[in-house]
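Shown next, in structure tokens, is the structure this report addresses.
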Amino acid sequence: MSGYGVVLFYTTSSALRAEKALVESGVEVKLIPTPRQFSSDCGLALRFPWQDRARVEELLAMLGLQLGGIHPL
Amino acid sequence: MRCRGGTAHRGVSATADQVIYLDHAATSWPKPASVVAAMAGYLERAGGNPGRSGHRLSVAAGRIVYGVREQVAAFFGVPDPLRVIFTPNATHAINIVLRGLLQPGDHVVTTGMEHNAVMRPLRALERKGVALSVVPCAPDGTLEPDLVALAIRPETKLVVLCHGSNVVGTIAPVAEVAALAHSQGALVLLDAAQTAGAVPLDMGRLGVDFLAFTGHKSLMGPPGTGGLVLSPSVDPGQIEPLVAGGTGSRSEWQEQPEDLPDKLESGTPNGVGIAGLGAGIAWVQERGIEELQAHEQELCRELLEGLSSIPGVRLYGPMDPAQRLAVVSFTVEGRTVSELGLRLDEEHGVLCRVGLHCAPAAHSTIGTFPQGTVRFAPGPMVSLSQIREAVAAVAEVVRS
């Protein structure tokens, strides 16, 4: 376990929208290339501290974005 | 008057103090310095392909494009930035809706003041079995909402209309038309090519389902930018994409994804242009759209008063500057518009557009088809004294 989790998205625009909202809420996130073990997508994923999972899920639900999944790294 | 004439400027570029640029309805010029700087900055510091890779230059480009998506959504009063689709121009955005939504057997309603960006795809669809009704407008371009209501049938899928005429500046009663269309189950597409950035525009308040805009006119961005905005209530599932291809998302699929904006936005976007568009929108917001509108109304009033006092000049469109955009069309008795345009440019440095303005239907409505009109369309960088010079130039050309 790296201590990080990753959120997968279906569009880059969704990932960028989520990044902005999470940064504004004080969550330490980083956009990374989508890890191959989770998806063959060529897009971006959002890495976050796994301990913030509940908050991240809550904030993303408020945005109403369609997610490709949330996984521990 | 100060002479801007002579042949030296023909065939070469000009600076803003050498000409009086009255062709803002075609494209705004000069652009704010911040637009140029944003475009240079994008190429110098963020030149990756937005949404295609995960490295820092791609992410930097993606953030710029996404940031402008947010700006556009906020500018038109739409809560979800993912419902902003970037396109090369308003024409492309209009085609996405018309060709993607309408099927043979459907009925579509439009008006007698449309640009060919609307009329040509509609005529093509008509040949494929889409029924078309064109609601006539008054000779000053005014649209009567009740006539739209009469044209709507049970099978009417869409009403498409221009917000502000590119020929005479007449503003359509969009909110009334949208309410009538919705009460009979039809969707509404608004062609905001001339109004986006020129008048306050809120999709929710107007009640339109689709808004097509261009970036290079009153939004002060570069050519090659524009977009389609979908209202929160409209179902994107009913639109077949005009173009399919790579989106940087769901790359394992050979089918086009349904997610917005990707469904309607295939291929590498014009990131550098979009960066410039963002700076243009910021410039408009900084200046204040009400202030910009008041400035253009002042210029419009001066044009209407000045031109109407010249013998032989005939003006078209509403005479009240508050009821229109600063897009002023006129003809001169006994003169061709092409001669007037050439002499205004060569002898006075007044740059305008003459002819049919890609809108033969609108010119038929106002009674100037096929000869066309001379169109003066000032913008935010044009001063009142320049308008007076332009009016004096018309008077001089008409005299001699």
Quiz item: Which residues, counting only those in segment B:100-159, are under 19 Å from residue B:240 (Cβ atoms), aliphatic (A, V, I, L, M) and loosely packed, with under 14 Cβ neighbours inside 10 Å?
Solution: B:124
Quiz item: If only one of B:282, B:294 is under 20 Å from the mean Cα position of the chain (by Cα), away from chain A (no Cβ under 14 Å), more than 30 Å from residue B:158 (Cα to Cα) and buried (at least 17 other Cβ atoms within 10 Å of the Cβ), which one is it?
Solution: B:282
Exercise. Collect the residues in segment B:67-82 that are of a type in the set (D, E, K, R) and touching a Leu at 6+ places or on another chain (Cβ under 7 Å), keeping them in residue-number order.
Key: none
Exercise. Kindly indicate the residue of segment B:71-106 that is out of contact with any Ser or Thr (no Cβ under 6 Å at 6 or more places or on another chain), touching a residue at least 60 places away in the same chain (Cβ under 8 Å) and part of a loop (DSSP other than H, G, I, E, B) and also nearest to residue B:163 (Cα to Cα) among those meeting that condition.
Key: B:76
Quiz item: Among the residues of segment A:1-26, which ones are under 12 Å from the mean Cα position of the chain (by Cα) and over 28 Å from residue B:271 (Cα atoms)?
Solution: A:4, A:5
Practice problem: Out of B:307, B:325, report the one residue that is away from every other protein chain (no Cβ under 14 Å), surrounded by 14 or more Cβ atoms within 10 Å (Cβ to Cβ), closer than 18 Å to residue B:194 by Cβ and aliphatic (A, V, I, L, M). | Solution: B:325
Practice problem: Identify the single condition in (1) more than 10 Å from chain A (Cβ to nearest Cβ); (2) touching a Leu at 6+ places or on another chain (Cβ under 8 Å) that residue B:59 does not satisfy, given that it satisfies every other one. | Solution: (1)
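Results for (1) under 19 Å from residue B:303 (Cα atoms); (2) free of Cβ contacts under 8 Å to residues at least 60 places away in the same chain; (3) out of contact with any Leu (no Cβ under 7 Å at 6 or more places or on another chain), shown as yes or no for each residue.
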site: B:328; (1), (2), (3): yes, no, no
site: B:337; (1), (2), (3): yes, yes, yes
site: B:344; (1), (2), (3): yes, yes, yes
site: B:352; (1), (2), (3): yes, no, no
site: B:356; (1), (2), (3): no, yes, yes
site: B:362; (1), (2), (3): no, no, yes
site: B:375; (1), (2), (3): yes, no, yes
site: B:388; (1), (2), (3): yes, no, yes
site: B:394; (1), (2), (3): yes, no, no
Exercise. Tally the residues that are surrounded by fewer than 17 Cβ atoms within 10 Å (Cβ to Cβ), more than 23 Å from residue B:159 (Cβ to Cβ) and more than 10 Å from chain A (Cβ to nearest Cβ), restricting the search to segment B:62-78.
Key: 1
Quiz prompt | When residues of segment A:1-32 are limited to those that are assigned to a strand (DSSP E or B) and of a type in the set (Val, Ile, Thr), the one farthest from the other protein chains (Cβ to nearest Cβ) | solution = A:7
Quiz item: Looking at (1) without any contact (Cβ under 8 Å) to a residue 24 or more places away in the chain; (2) under 24 Å from residue B:194 (Cβ atoms); (3) buried (at least 18 other Cβ atoms within 10 Å of the Cβ), which is the one condition that is false for residue B:59?
Solution: (2)
Practice problem: Please determine, by comparing only the residues of segment B:213-235 that are at pLDDT 95 or above, among the small types (Gly, Ala, Ser) and part of a loop (DSSP other than H, G, I, E, B), which one is surrounded by the fewest Cβ atoms within 10 Å (Cβ to Cβ). | Solution: B:224
Quiz item: Can you name the strands (runs of 3 or more DSSP E) wholly within segment B:312-369 that have at least 1 residues being at pLDDT 95 or above and of a type in the set (Lys, Arg)?
Solution: B:313-315, B:353-355
Exercise. List every residue pair whose Cβ atoms lie under 6 Å apart, where the two residues are 6 or more positions apart in sequence or sit on different chains, the first residue falls within segment A:1-28 and is free of Cβ contacts under 8 Å to residues at least 12 places away in the same chain, and the second residue, located anywhere, is assigned to a helix (DSSP H, G or I) and of a type in the set (A, V, I, L, M, F, W, C).
Key: A:13/B:82
Exercise. May I ask you to verify whether residue A:44 is under 11 Å from the mean Cα position of the chain (by Cα), within 13 Å of chain B (Cβ to nearest Cβ) and not charged (D, E, K, R)?
Key: yes
Exercise. Being more than 14 Å from every other protein chain (Cβ to nearest Cβ) and not acidic (Asp, Glu) is the filter here, so list the residues in segment A:53-68 that pass it.
Key: A:53, A:54, A:55, A:56, A:59, A:61
Quiz item: So residue B:85 clears everything in (1) modelled with pLDDT under 95; (2) closer than 21 Å to residue B:192 by Cα except one condition, right? Which one?
Solution: (1)
Self-check item: One residue from A:35, A:49 being in contact with a strand residue (DSSP E or B) (Cβ under 7 Å, 6 or more places away or on another chain), more than 12 Å from every other protein chain (Cβ to nearest Cβ) and either surrounded by fewer than 17 Cβ atoms within 10 Å (Cβ to Cβ) or of a type in the set (A, V, I, L, M, F, W, C) (or both)
Solution: A:49
Practice problem: Tell me, yes or no, whether segment B:22-41 has at least one residue that is more than 26 Å from residue B:194 (Cα to Cα) and at pLDDT 90 or above. | Solution: yes
Practice problem: Mind listing whichever residues of segment B:32-54 are in a helix (DSSP H, G or I) and either of a type outside the set (Asp, Glu) or within 14 Å of another protein chain (Cβ to nearest Cβ) (or both)? | Solution: B:33, B:34, B:35, B:36, B:37, B:38, B:39, B:40, B:41, B:42, B:43, B:45
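The values are calculated or read from the model by the stated rules, or taken from the named source; none is laboratory data. As the structure is a prediction and not an experimental result, all values here were calculated from the model. So basically every Cβ, Gly included, is an ideal-geometry build from the backbone, and we count neighbours across all protein chains shown.
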